[in-house]
Every structure is written in structure tokens, then in C-alpha cells.
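Okay, structure first, notes after.
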Amino acid sequence: MALPGQSIKDIRTVRSHPMALAQSSEFFEKNPHLEPLETTDTAESAREIAENRMTGVGAVASELAAKLYGLEILEARIENLKANYTRFFMVASREGKFQPEGQKASLNFRITHQVGSLVEILEIFKKRQINLTLIQSVPIPGHPDEYSFHIDLEWIHQNEFQEAMREVKEKAQEVFLLGIYKKGEKPF
């Protein structure tokens, strides 16, 4: 998307979140004149283009962002995988005692920067028959060469998950359980 009246040929830079750019890599390969530029947010990229009247600059963002900021969609459905989707979940606190329900969880942990530290954590899940559906390393600002890891897990037996969490807490420097929830259905 870009300011109205422009075409793909007029665009030189395309701004968006790194994940959106990576998910559209084939589009950029077919359009080598377009230079991807990483920003912090897809919709924010669209807003900046509109507010600053940036010509020659496009954004990868949603149709809603284009409508909201008065931008024209120059090419739709540019993602590599047409069945691509983004999932969101809300995290909220509850009053009283919380009884987590579900067979899926998201957690974040930080480990020492030593050979084999990550493998030790992953072995805990393997031993307990807990499947990892996502693992993502996240650089820790101000700590070069250190990472935290975000993982999503699925299990069958709640007690195996609870025991695995106890073991992970013993080995990791920090552990944040972001939520336990029911496994959702894929939208396609």
C-alpha cells in the first residue's frame, strides 16, 4: 500500500514489521527494485506514510490499515503462504484462585549462555512427551549474545506439564508462564 496515485513502479522502499517482510519474501524477489525496511509495526508503517505524505514508500499492512490511513493497495495477497494467518490471545488476571484449563501453553525463559543450555531445557519436554509447536529466540537488549526463548507447548497429561515446568524453573534463570489455554482450531 502507498499514497494514492502511485504504482508499484513508483515505490522504492517498503516498510513493515520484520515478520511481515519475511512472510512476503517471494514478492520482493519478483520486485528487486523494492527495498524492504524493517519497522516496529505494520499499521504504524502505514500511518507514518500517510501522515508524512511519503511518496515512493510503501507498506506491508492490513486492508484495515489502508482504509484507516487513506492508502491505496497496490498489490494484495503478497504473502508466501496463502493460508497464512496470525493468532492473538489475550492475557488477563482473574480475581481469586486461578485454575488453568487447557492443553496448550506459552512461556518465555532465559538460560545461561553456555553450550548445551537450550538442549537441557528441550530434553525436559521431550522426556515428558510435550510437543513444541513454536520456538523463537529473542535477543535481550543490553546483553549481547544472550537470548530468551518463547515457546508454545502442547501436552496430553496435565501432570507431565506441571512436572516439566518444575524442572524448567530449576534449570532456567527466568521463566514466565504467559498463559495456559485450550488449543484453538486453525482458520482454514
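Using 0.36 nm per residue and subtracting the Cα-Cα separation, the extra length available between T40 and L122 on full extension is 26.5 nm. The value of relative contact order for the range 104-181, using C-alpha pairs under 8 Å at least six residues apart, is 49 percent. Axis of helix 117-127 versus longest Cα principal axis of the chain: the two differ by about 70°, to the nearest ten degrees. Computed over the chain, relative contact order equals 22 percent, with contacts defined as Cα pairs under 8 Å that lie 6+ residues apart. Here the range 26-75 has an Rg and Dmax of 10.8, 29 Å, counting Cα atoms alone. Summing Lys and Arg as +1 and Asp and Glu as -1 over all other residues whose Cβ lies under 12 Å from the Cβ of I111 gives a net charge of -1. Considering all C-alpha pairs of the range 104-181, those separated by over 20 Å amount to 25%. Across the range 27-42, coupling constants 3J(HN,Hα) worked out from phi with the 6.51/-1.76/1.60 Karplus curve, θ = phi - 60°, read 4, 5, 5, 6, 10, x, 6, 8, 9, x, 10, 6, 10, 7, 7, 5 Hz, and Gly and Pro carry x. Dimensions of the chain based on its C-alpha atoms, expressed as ranges along the principal axes with the largest first, amount to 59, 37, 30 Å.
Given the pairs K30/K67; K9/K30; K126/K171; K127/K182, which span a C-alpha to C-alpha distance of over 20 angstrom in this model?
On the way: K30/K67 26 Å; K9/K30 12 Å; K126/K171 15 Å; K127/K182 22 Å.
In this structure, K30/K67; K127/K182 exceed 20 Å between Cα atoms.
Read the figures in this text as sums done on the coordinates, not as results from a lab. Since this is a predicted model, take the numbers as computed values, not measurements. Positions of Cβ are backbone-derived with ideal geometry, glycine not excepted, and every protein chain shown enters the neighbour counts.
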